1. Within segment 259-300, take every residue that is more than 21 Å from the chain's Cα centre (by Cα), of a type in the set (D, E, K, R) and not in a helix (DSSP H, G or I) and give me the one that is farthest from residue 229 (Cα to Cα).
2. So is residue 70 over 21 Å from the mean Cα position of the chain (by Cα), in the same structural domain as residue 161 (by TED's automatic domain parsing) and either assigned to a helix (DSSP H, G or I) or surrounded by fewer than 21 Cβ atoms within 10 Å (Cβ to Cβ) (or both) or not?
3. List every residue pair whose Cβ atoms sit under 6 Å apart, with the two residues 6 or more apart in sequence or on different chains, where the first one lies in segment 1-29 and is over 13 Å from residue 43 (Cβ atoms) and at pLDDT below 95 and the second, anywhere, is in a strand (DSSP E or B) and among the hydrophobic types (A, V, I, L, M, F, W, C).
4. Scan segment 234-246 and report the pairs whose first residue is within 18 Å of residue 193 (Cβ to Cβ) and whose second residue is modelled with pLDDT of 85 or more and not in a helix (DSSP H, G or I), with Cβ atoms within less than 8 Å and a gap of 6+ or a chain change.
5. Mind counting the residues in segment 190-212 that are touching an Asp or Glu at 6+ places or on another chain (Cβ under 8 Å) and not hydrophobic (A, V, I, L, M, F, W, C)?
6. Residues in segment 52-67 that are outside any loop (DSSP other than H, G, I, E, B) and among the charged types (D, E, K, R): how many?
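The values are calculated or read from the model by the stated rules, or taken from the named source; none is laboratory data. The shown structure was predicted, so the numbers you read here are calculated from the model rather than taken from an experiment. Every residue, glycine among them, receives a Cβ derived from its backbone with ideal geometry; neighbour counts consider all protein chains shown.
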Amino acid sequence: MSRVSFVIPTVRRPQGLAVAARSLFAQQGVDPADLELVVVDNDPAGSARVVVEGLAAEAPFPVRYIHEPEPGVANARNAAFAAAEGDLIAFLDDDEEAPPGWLAALLAVREAHDADVVFGPVRGRAPDHVVRHRTYLERFFSREGPAQSGPIDHYYGCGNSLLRRAALPDPKRPFSSERNHIGGEDDLLFGQMTAAGARFAWAAEAWVWEDPVPSRLTLRYALPRAFAYGQGPSAACAARTPPDWLGVAGWMVQGLVQAGVFGVLALAKWAVRSPDFAFTADRAVRGLGKTLWFGPFKIEFYGRSSGGVRLP
């Protein structure tokens with residue numbers, strides 16, 4: 001088997017980091033001799049060092065601590081690639097927990113379909129005390145896909161994925177630093193890989209839990225994040241070389257219609273306290289994001305205080 005480097009980027013989440021790392025220590029169906037864990041601490045103060053040193057003492061394979069003091073999600077992920085020794089990179093976020101068969105499922109799909117990137121489902125999990133908008137929030141932090149494993153013609157986010165290093169446009173620094181604070185660095189990378197003919201696959205059995213920090217389990221966090229997700233398609237077209245301005249215009253028009261239709265519906269549902277108000281509001285703000293994707297409307301989620309959201 002090719003050597004696999006687990007990667008967990010982290011920023012001031014010691015408990016989540018410990019849960020994520022220990023779930024990797026418990027992986028079954030793979031030889032520990034072929035594994036390593038790289039933890040990238042993106043806190044300028046280096047607060048995760050002590051936690052990682054403690055985890056390393058109980059790990060069945062090498063664990064390395066990398067300190068990337070320059071804030072930004074792309075910086076953290078690039079630091080991981082620079083340090084990792086594996087031919088394959090398996091990403092897990094510091095608020096996720098992988099069941100024992102997770103890596104084996106990713107590897108099986110990758111080999112069966114000769115895939116360059118394999119994605120798996122994410123199951124959002126809210127604590128019992130979260131009642132208001134619970135269904136929406138758990139769905140928001142989830143990732144759904146095909147019921148069966150196999151090749152796909154689109155891509156998902158980097159969390160819960162397996163990447164083949166040789167397929168990357170830049171094996172050492174594949175993520176654009178321009179996306180450090182607004183996110184979407186993985187969309188930009190996978191878009192470039194799509195243009196280069198990369199093969200993507202979906203591993204239906206390679207699911208993970210996601211346990212968002214409590215401050216994120218609110219509409220105040222989720223709806224601005226949905227707005228930022230909506231910005232993705234328009235921003236991706238603008239970032240192409242040369243820019244696809246026709247594509248940008250198409251997404252902006254679609255977004256304007258979406259925002260108008262679902263915005264009116266959301267207001268009506270809010271007025272009558274409809275239980276599915278949040279789902280409709282989500283669609284409205286994603287549409288607005290497609291239209292207002294540029295300059296002062298960009299939302300910064302990364303490289304700031306943990307759990308915070310910088311609004312335009």
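1. Top of the filtered list is 273.
2. Considered against the rule, which asks whether it is over 21 Å from the mean Cα position of the chain (by Cα), in the same structural domain as residue 161 (by TED's automatic domain parsing) and either assigned to a helix (DSSP H, G or I) or surrounded by fewer than 21 Cβ atoms within 10 Å (Cβ to Cβ) (or both), residue 70 comes out as no.
3. The qualifying pairs are 2/88.
4. From segment 234-246, the pairs are 235/293; 235/294; 237/243; 237/244.
5. 4
6. Count: 2.
Conditions tested, residue by residue: (1) more than 30 Å from residue 28 (Cβ to Cβ); (2) touching a helix residue (DSSP H, G or I) at 6+ places or on another chain (Cβ under 6 Å).
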{"residue": "152", "(1), (2)": "no, no"}
{"residue": "161", "(1), (2)": "no, no"}
{"residue": "173", "(1), (2)": "yes, yes"}
{"residue": "199", "(1), (2)": "no, no"}
{"residue": "204", "(1), (2)": "no, no"}
{"residue": "218", "(1), (2)": "yes, no"}
{"residue": "231", "(1), (2)": "yes, yes"}
{"residue": "234", "(1), (2)": "yes, yes"}
